[in-house]
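Notes follow the structure.
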Amino acid sequence: MLLSRVADNIYWMSRYIERASNIARFLEVSYQLNLDQSSGDQEQWGPLIEITGDMAIFKARYGAPTRDNVMHFLMFNPEYPNSISRCLSTARSIAKGMRETVSDDMFREINALGKRVPETSREKAQFHTRVFQLCREIKRDAMLIEAMASETIERGQGYHFWRVGRYLERADKTSRLLHVKYFHLLPDLDAVGTPMDDLQWSAVLDSMDARETYIRTRGLIVPDKVVDLMVLDQGHPRAILFCLNAVVESLYRITRDKPGEPHRIVEQLCEKLLAMSAKEIIKFGMNEFIDDLQLSFNEVNNAIHTHFISPKAVTGGV
Amino acid sequence: MNFEAYETEAFFDELFDNQGHSRESAKLLVNAIESLAEGDLLKRQEASERAMHSMGITFNVYGSGEGTERTIPFDIVPRIIDGKEWDVVEAGLKQRIKAVNRFIDDIYHDRNIIADGVIPEWIFTSSKGYLPQCQGLNPPKGVWAHVTGTDLVRDNKGTFYVLEDNLRVPSGVSYVLLNRTLMKRNFPEVFHKSRVRRVVDYPDQFMKMLHHVAPEGIDRPNVAVLTPGIYNSAYFEHAFLAQQMGALLVEGHDLVYDGKYVCARTVEGLVRIDIIYRRIDDEFLDPEVFREDSYLGCAGMMKAFREGTLTLANAPGTGVADDKVVYAFVPDMIKYYLGEDPLLPSVPTHLCCDDESLEYTLDNLDKLVVKPASESGGYGMLIGPKASQKERDNFARALRKDPRNYISQPTLSLSRAPVVVNDHFEGRHVDLRPFILHRGDDSYVLPGGLTRVALKKGSLVVNSSQGGGTKDTWVVDQGTGQEVA
């Protein structure tokens, strides 16, 4: 038996941890990418803010997207709700509010992780090294927590809400990453196919831990094949279709195979993706395609809320 | 670190006799501590405190705003109680809880104890914990107080006295279980040899007791722990118990009354709840019956309780016996209902409503402890010998104004136990809160209980809300253990 309130908490705790670890991935890769740029090139930190969709908030607070500003905003800012620091401390306070549901090992890890970023911000170590190191730790700890969830929690409804939250968040972040690569990293269309373009694609793959998979399965870097991996691959755990398949699977486990509105929306989305090729997506227009995707993700999120969480939906009796 | 310089002074010490020798039951422990390498004990103490932080065993401090998290200070030297002595305490507690439950049931039915002139009627009509709404109700198996946390103290002769009965929502048992976990980690060898009675099965005992008092005809009852939520100072305990018992942890807004049953809102719709172990006070349970502005409970809960579709533990109304005036009559209740002499003495109590006692209290304010009848948590009391003249004058005024609300007791010279203070041991006053689970025909008493310790030098107030700490409590059975060793 899973309380609606607890289901909601699990879902969001999972999303926040996944969100933090995605931002950490993006930060780490951007840092690496900028290190690799020849000295004449301008460093590119603005696109990282674009991924979050919160450029307006950033500009109002920091002005120019310099390296230090962007690092601080995304890692430490205690007021910005999507900073790594805030995501993790939110996850921590949610976990504190459902100690009875989270296994002890998991709780300890989430508890420690939620305190780490604010604690590190008080250290006097060198700023960049510190951020870089934190990114790696957060990525690793998020995976550790995931492993604990997978090894310590029974495959009941709670576990599957955890899984739905994680994969929905991940699908969303992968789509944003793609969006940014297309529209912000290389705005100059003439530069497509240059070494810089390749380097950027390679960095995008890196932040998904997908570069080796790509090279093994698809060879040299070609944009539409990268899109194929990021969107349509059913075997790579960060590809959008993979994530959506996982969401559908868990939704059915939650409802014991009964279909519902959230199931329907995600299944439709999967069918749509299955019927497309990467080339078609690009032809269709990447911008519109990604906008559509993100609208659908929001729809799924709302449907989950209405179906499982909001009191109106659950007064129907046993 | 050793006990060579440790002074018991004029107090009864839990580990040492007045010659400074360790008590028989504490020998193994004292030897083990003294054989540790220098600094080792402190290291273990610090490791325990770190463990509490990482496990999130923190409580929120009232009135200090969000985000103030503290752990209750934990002292690593356990308090030891001899098994044979404990057996007497245990029998005394069982006897007491049985009588008190009979009393509550009597008060809400025929009131024979009043008709027979044992207790004056005004005692309960003026008690804040008496709920007219509970008149005539019949909780399953006649149990009203399912969980009790009775506070015991020892005087300078080592005699155990009952200080008060916490019959409403006593807290602290999670610390008993967690302290034990930490101690097993810290002193595995001596723990094993000491033959310490186990506490680990408390959640199972609890669940068994609840199943026993389930509504009629329910085979596998759905059990929930009702918490006011994360900002409550005892939230950790609520979550811990729910987790350990395999119960649902619910807040008021998770519940809804469907006209017959109290149900939980789940992802699959409404699911009936059969038993609620509630950790909120009576007045917040049901806004239709008690406080209208309460959002901690659920409207309709009292209907379900009245109709018997829901068991509430503890039952509403138990507070009538959790009143320091009523406390004074518990020995009479034991005689009246059970025809037995009390096995555990109560502290001699003067009821200030009685003119003679009031005068005596006023004349001896510098020697007595004065307590409000219906407060808990150590709030609002006067410890005469420690108070200033001004505080005593203020209390005298309050006493004259509302004598019914006060009792006075002699200031007991509470027993002490050694605690770690930096690099040495010092004696601090302790009390003991055993937990009793009552199921009607029988009771279970958690061996030992929560030892609370007044960490401030000389202080007699052990409440965690007032700077007290805790210790693990070992009830040890001697004889066989040392042969094994």
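The values are calculated or read from the model by the stated rules, or taken from the named source; none is laboratory data. Every value quoted in this text rests on a predicted model; they were computed, and no experiment measured them. Counting neighbours? That spans all protein chains shown, and the Cβs are built from the backbone with ideal geometry, glycine included. The protein model used for the area step is the full one, side chains on, heavy atoms only, and it has no ligands, DNA or RNA in it. Shrake-Rupley method; radii C 1.70, N 1.55, O 1.52, S 1.80 Å.
Quick look at the numbers
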| read-out | value |
| --- | --- |
| Checklist (1) under 14 Å from the mean Cα position of the chain (by Cα); (2) closer than 15 Å to A:G114 by Cα; (3) open to solvent by less than 10 Å² (accessible area, probe 1.4 Å) applied to A:M75, failing item | (1) |
| Boolean, B:I276 is aliphatic (A, V, I, L, M), under 24 Å from A:D8 (Cα atoms), at the interface with chain A (Cβ under 10 Å from one of its Cβ atoms) and out of contact with any His (no Cβ under 8 Å at 6 or more places or on another chain) | no |
| Output for segment B:256-267, where each listed residue is more than 8 Å from chain A (Cβ to nearest Cβ) and open to solvent by 10 Å² or more (accessible area, probe 1.4 Å) | B:Y257, B:G259, B:K260, B:Y261 |
| Hey, B:K390 modelled with pLDDT of 90 or more, open to solvent by 70 Å² or more (accessible area, probe 1.4 Å) and either within 22 Å of B:V153 (Cα to Cα) or among the small types (G, A, S) (or both) or not | no |
| Selection within segment B:244-255 - touching a Ser or Thr at 6+ places or on another chain (Cβ under 8 Å) and within 8 Å of chain A (Cβ to nearest Cβ) | B:L249, B:V250, B:E251, B:D254 |
| Subset of segment B:150-171 (residues that are part of a loop (DSSP other than H, G, I, E, B) and surrounded by 20 or more Cβ atoms within 10 Å (Cβ to Cβ)) | B:L167, B:R168, B:V169, B:P170, B:S171 |
| Lone qualifier among A:I145, A:I153 - being aliphatic (A, V, I, L, M) and at pLDDT below 95 | A:I153 |
| Total residues in segment B:226-243, condition more than 21 Å from B:R272 (Cβ to Cβ) and either more than 9 Å from chain A (Cβ to nearest Cβ) or in a loop (DSSP other than H, G, I, E, B) (or both) | 8 |
| The one condition in (1) in a strand (DSSP E or B); (2) more than 7 Å from chain A (Cβ to nearest Cβ) that B:V271 fails to fulfil | (2) |
| Qualifying position, being under 27 Å from the mean Cα position of the chain (by Cα) and away from chain A (no Cβ under 14 Å), among B:G217, B:G297 | B:G297 |
| Where A:E267 falls short, out of the listed (1) of a type in the set (D, E); (2) under 23 Å from A:A7 (Cβ atoms); (3) within 17 Å of the chain's Cα centre (by Cα) | (3) |
| Candidate set from segment A:250-304 (those that are hydroxyl-bearing (S, T, Y) and within 14 Å of another protein chain (Cβ to nearest Cβ)); member that is surrounded by the fewest Cβ atoms within 10 Å (Cβ to Cβ) | A:Y252 |
| Residue in segment B:86-121 that is surrounded by the fewest Cβ atoms within 10 Å (Cβ to Cβ), counting only those that are assigned to a helix (DSSP H, G or I) and either modelled with pLDDT under 95 or β-branched (V, I, T) (or both) | B:V88 |
| Condition broken by B:R439, with the remaining ones in (1) farther than 19 Å from B:K324 by Cβ; (2) basic (K, R); (3) without any contact (Cβ under 8 Å) to a residue 12 or more places away in the chain satisfied | (3) |
| Complete set of residues in segment B:1-38 that are in a loop (DSSP other than H, G, I, E, B) and either touching a residue at least 60 places away in the same chain (Cβ under 8 Å) or open to solvent by less than 20 Å² (accessible area, probe 1.4 Å) (or both) | B:M1, B:F3, B:A5, B:Y6, B:E7, B:T8, B:E9, B:A10, B:F11, B:F12, B:E14, B:L15 |
| Segment B:202-216 - residue that is within 15 Å of B:L310 (Cβ to Cβ) and part of a helix (DSSP H, G or I) and, of those, least open to solvent (accessible area, probe 1.4 Å) | B:L210 |
| Selection count where residues are farther than 13 Å from B:F240 by Cβ and open to solvent by 20 Å² or more (accessible area, probe 1.4 Å), scope segment A:82-102 | 7 |
| Residue within segment B:122-138 that is open to solvent by 70 Å² or more (accessible area, probe 1.4 Å), closer than 14 Å to B:P316 by Cβ, part of a helix (DSSP H, G or I) and out of contact with any Ser or Thr (no Cβ under 9 Å at 6 or more places or on another chain) present | yes |
| Failed item, numbered, when B:R198 is tested on (1) surrounded by fewer than 19 Cβ atoms within 10 Å (Cβ to Cβ); (2) more than 21 Å from the chain's Cα centre (by Cα); (3) within 19 Å of B:I81 (Cβ to Cβ) | (2) |
| Total residues in segment A:52-82, condition under 22 Å from A:D8 (Cβ atoms) and either within 14 Å of chain B (Cβ to nearest Cβ) or touching a residue at least 40 places away in the same chain (Cβ under 8 Å) (or both) | 1 |
| Unmet requirement for A:A125, which otherwise passes all of (1) closer than 26 Å to B:S54 by Cα; (2) surrounded by 22 or more Cβ atoms within 10 Å (Cβ to Cβ); (3) at pLDDT below 90; (4) among the aliphatic types (A, V, I, L, M) | (2) |
| Index of the failed condition, A:R25 passing every other in (1) surrounded by 22 or more Cβ atoms within 10 Å (Cβ to Cβ); (2) of a type outside the set (A, V, I, L, M, F, W, C); (3) farther than 26 Å from A:M148 by Cα | (3) |
| So A:N111, is it under 26 Å from A:Q294 (Cβ atoms) and either among the small types (G, A, S) or not assigned by the TED database to the domain that holds A:F183 (or both) | no |
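Let's see how each residue does on (1) closer than 15 Å to A:V6 by Cβ; (2) open to solvent by less than 50 Å² (accessible area, probe 1.4 Å); (3) in a helix (DSSP H, G or I):
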site	(1), (2), (3)
B:D219	no, no, no
B:A224	yes, yes, no
B:Y277	no, yes, no
B:S294	no, yes, no
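Residue-by-condition table, conditions (1) at pLDDT below 95; (2) open to solvent by 10 Å² or more (accessible area, probe 1.4 Å); (3) out of contact with any helix residue (DSSP H, G or I) (no Cβ under 8 Å at 6 or more places or on another chain):
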| residue | (1), (2), (3) |
| --- | --- |
| B:I230 | yes, yes, no |
| B:F236 | yes, yes, no |
| B:A239 | yes, no, yes |
| B:L249 | no, no, no |
